[in-house]
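Please read the structure below before turning to the comments.
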Amino acid sequence: MLKDFSKVETFLTVVREKSFSKASKKLGISQPAVTQQIKLLEEYLDIQIVDRKKNGIKLTTAGEELYKVAIKLEKHLLAAEREMLRLVNKEVIFVLGASPVIGNYILPNFLNDIQEAIKNNVMLKVEDAREITEKLLDKKVDLALIEAPIFQEGIIYREWLEDELVITSRSPLPKLVKKEDLLSYNWICREEESNTRKIIHETFEKMDVDCKSFKVKSIVTSSTAVKHTLMKANIEETPTVSILSKHIIADELENGLLYTTKMKGLKLTRMLYLCYIKDRKHDALIDNVINYIMSKQDIKA
């Protein structure tokens, strides 16, 4: 008899990720360990369930049948876990932690849907990445979504969504700007410690653009404050610009209240991450939330 669910969970993860290596990253175990668990499962069942291909994996006919059974087993285990929590009168609230751009501008688009999808109450806490990471380690947050990962032992990090940063202004701007245009504009900048500012500085530096030569009008400590400051800029003067995530200004762009431009050869992006502690890598509820959020990789700003 199969003594635990871990091997079945590994099998489910391999199928969902379509890769042994991606499954190992998600589970927080080595790739050989993933291979070993699948091998043990095959030996126990005395059938081959997975064919490894150059471009991923393919289930055998027996593997397809096993996958259907494993899905049912997973659902029953999750339901049983909820019933046990109800028996001890423990209210289950799934706590999401998010850094500001994600928590204020991306998650609200489908936060209610998460609660419906997992059939569980959800709470959202929005703080900076460092504070959210600390809460994750203290188990005050079940799952974290951050744009500036602070890589630490004991936490599994998964790439989720690429976020584009764009040059933004209240003044209409040309489709493409040159280096001299950037030097002529008035700038609203983030503080030096800001991850956004570091990305901007490093990217411009590669293009031989010295950010220190910009005409800085003000320094602001939050992206939301940058946006509101831009909205108050005088459009009769030299354009006041800043660099913001497309997600932050999506509504203003749609309504013609803000404008964006690009510099040839310049693309400012950063990766957004899902994070959870390794101790909870077998938590079915966390896995359900992650699977749902990962399905939202095509979010348009």
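The values are calculated or read from the model by the stated rules, or taken from the named source; none is laboratory data. This is a predicted model, so every value here is computed, not measured. Ideal geometry is used to build each Cβ from the backbone, glycine not excepted, and the neighbour counts take in all protein chains shown. Quick note on the areas: whole protein, heavy atoms, side chains included, nothing else; ligands and nucleic acids left out. Shrake-Rupley method; radii C 1.70, N 1.55, O 1.52, S 1.80 Å.
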Among the aspartates and glutamates, which fall within straight-line cross-link reach of residue 232, defined as a Cα-Cα distance under 17 Å, with same-chain neighbours fewer than 8 residues apart omitted? 251, 252
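Going by the alpha-carbon gyration tensor, a ≥ b ≥ c the square roots of its eigenvalues, is the stretch 68-204 rounded (a/c under 1.5) or, if a/c is not under 1.5, prolate (a/b greater than b/c) versus oblate?
In terms of gyration-tensor shape, prolate.
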Bridge orientation stat for the stretch 159-301 from DSSP, antiparallel percent rounded to 5, came to 60 percent
Just the C-alpha atoms of the stretch 170-301: what Rg/Rh do they give, with Rh taken as the Kirkwood radius? 1.06
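How would you classify the stretch 177-234 from its alpha-carbon gyration tensor, with a ≥ b ≥ c the square roots of the eigenvalues: rounded for a/c under 1.5, else prolate if a/b is greater than b/c, otherwise oblate?
Since a/c reaches 1.5 but b/c is at least a/b, the shape of the stretch 177-234 is classed as oblate.
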Each residue of the stretch 239-244 in order: what ³J(HN,Hα) in whole Hz does its phi give by Karplus 6.51 cos²θ - 1.76 cosθ + 1.60, θ = phi - 60°, with x for Gly and Pro? x, 9, 10, 7, 10, 9
Spin-label pair residue 159/residue 72, simplified geometry with 7 Å Cα→Cβ offset, distance in nm: 3.8 nm
Whole-Å semi-axes of the chain's equivalent ellipsoid (Cα gyration tensor): 45, 22, 16
Report, ordered by chain and residue number, the lysines lying within cross-link reach of residue 75, taken as a straight Cα distance under 22 Å and ignoring same-chain residues fewer than 8 apart. 3, 7, 18, 26, 90, 119, 278, 281, 296
Among rounded, prolate and oblate, which fits the stretch 221-291 when a ≥ b ≥ c are the square roots of the eigenvalues of its C-alpha gyration tensor, a/c under 1.5 means rounded, and a/b larger than b/c means prolate? prolate
Identify the trypsin sites (Lys or Arg not before Pro) of the stretch 173-206 meeting these criteria: DSSP loop state and at most 13 other C-beta atoms within 10 Å of the C-beta. 175, 178
Net charge within 14 Å of residue 201 by Cβ-Cβ distance, Lys/Arg positive one each and Asp/Glu negative one each, not counting residue 201 itself? -1
Within the chain, what whole-number % of the accessible surface is contributed by carbon and sulfur, with the 1.4 Å probe and all protein chains included in the calculation? 49 percent
Debye calc, one equal point scatterer per Cα of the stretch 35-85, no solvent, log10 I(q)/I(0) at q = 0.18 1/Å comes to -0.68
Can you tell me the equivalent ellipsoid semi-axes for the stretch 2-149? Use √(5λ) from the Cα gyration tensor, largest first, whole Å. 33, 20, 14
Given 16 as the ceiling on other Cβ atoms within 10 Å, longest exposed-site-free region of the chain for chymotrypsin sites (Phe, Trp or Tyr not before Pro) in DSSP loops: 152-301
Per the helix-only model, the chain has a calculated mean residue ellipticity at 222 nm (DSSP H runs of ≥4, -39500 (n - 2.57) each, divided over all residues, rounded to the nearest 500) of -12500 deg cm²/dmol
Counting other Cβ atoms within 10 Å, keep those with at most 16, restrict to DSSP loop, and tell me which trypsin sites (Lys or Arg not before Pro) in the stretch 119-173 are left. 119, 139, 140
Could you give the length gained by full extension between residue 36 and residue 193, i.e. 0.36 nm per residue of separation minus their alpha carbon distance, to one decimal place? 52.1 nm
Within 10 Å of each candidate Cβ there may be at most 15 other Cβ atoms; applying that plus a DSSP loop requirement, which GluC sites (Glu not before Pro) in the stretch 147-244 survive? 153, 191, 192, 193, 236, 237
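Over the stretch 129-229, what is the relative contact order in whole percent, taking alpha-carbon pairs under 8 Å and six or more residues apart?
So the answer I get is 22 percent.
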If you count only protein heavy atoms with a 1.4 Å probe, what accessible area per residue comes out for the chain, rounded to a whole Å²? 56 Å²
